[in-house]
Every structure is written in C-alpha cells, then in structure tokens.
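The values are calculated or read from the model by the stated rules, or taken from the named source; none is laboratory data. All values derive from a computational prediction rather than experimental measurement. Cβ sites come from the backbone with ideal geometry, for glycine too, and all protein chains shown count toward neighbours. Heads up: the accessible areas ignore ligands, DNA and RNA and are worked out on the full protein's heavy atoms, side chains in. Shrake-Rupley method; radii C 1.70, N 1.55, O 1.52, S 1.80 Å.
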Amino acid sequence: MLINSEVVYMKEKYYSVTQTAQLLGISKQTLIRYENKKLFPSARRNALNGWREYTEDDIKKLRVIMGRAR
C-alpha cells in the first residue's frame, strides 16, 4: 500500500538547432549535415511541429563526438 506517494515530473530544457549549433561552435547547416550523414545521432523531434530538439545531455554527447568535451 502506498501512502503519501508523489510523482515528480522533471521539466527538461530543450534547445533548437540554431541554439545547439551556437553552443557547439558550428553552423546550423553543419549540425543537420552531420546528423544526415550519421556522424551525429538523430535528434529528438517535437511532437507538434517536428523540429529537432536537443537536451543538455545531447549537447554534451555531441561535444564528445566532436572532440570538444568540456
């Protein structure tokens, strides 16, 4: 029996392609090209508009792939 149970949903911040590219120091087109060529993993897509979305963890992984880990 669960008493006083609480479900906590963490709201995660998502970055756009433009924001992510700026954080990585590359152009938006380069980011998309790397994804299309399978150099980067596919980004999460927004369910409403289909735009790519990146989390802090995604950006860290992309930095590692680029050899720019911080």
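Just the residues that are open to solvent by less than 80 Å² (accessible area, probe 1.4 Å), within 15 Å of Tyr15 (Cβ to Cβ) and not in a helix (DSSP H, G or I), please, taken from the range 50-69.
Taking the range 50-69 first, the residues open to solvent by less than 80 Å² (accessible area, probe 1.4 Å) are 50, 52-55, 58-59, 62-63, 66-67, 69.
Right, trim to within 15 Å of Tyr15 (Cβ to Cβ) and you get 52-55, 58-59, 62-63.
Across the range 50-69, the qualifying residues are Arg52, Glu53, Tyr54, Thr55.
Does Ile26 satisfy the condition of being part of a helix (DSSP H, G or I), open to solvent by less than 50 Å² (accessible area, probe 1.4 Å), at pLDDT 95 or above and at negative phi?
Considered against the rule, which asks whether it is part of a helix (DSSP H, G or I), open to solvent by less than 50 Å² (accessible area, probe 1.4 Å), at pLDDT 95 or above and at negative phi, Ile26 comes out as no.
In the range 29-49, how many are open to solvent by 50 Å² or more (accessible area, probe 1.4 Å), in a helix (DSSP H, G or I) and closer than 22 Å to Glu12 by Cα?
Final tally of qualifying residues: 0.
Of the conditions (1) at pLDDT below 95; (2) touching a Phe, Trp or Tyr at 6+ places or on another chain (Cβ under 6 Å), Tyr34 fails just one. Which one is it?
(1)
Going by what's in this entry, would Glu12 be described as open to solvent by 80 Å² or more (accessible area, probe 1.4 Å) and at negative phi? Don't jump to the end; show me each part of the working.
Values: open to solvent by 80 Å² or more (accessible area, probe 1.4 Å): yes; at negative phi: yes.
For Glu12, the condition - open to solvent by 80 Å² or more (accessible area, probe 1.4 Å) and at negative phi - is met.
Would you please list the contacts, defined by Cβ atoms under 9 Å and residues six or more apart or on different chains, that run from a residue in the range 33-59 that is over 12 Å from Val17 (Cβ atoms) to a residue that is open to solvent by less than 80 Å² (accessible area, probe 1.4 Å) and part of a helix (DSSP H, G or I)?
Final answer for the pair search is Pro41/Glu35; Pro41/Asp58; Pro41/Leu62; Ser42/Glu35.
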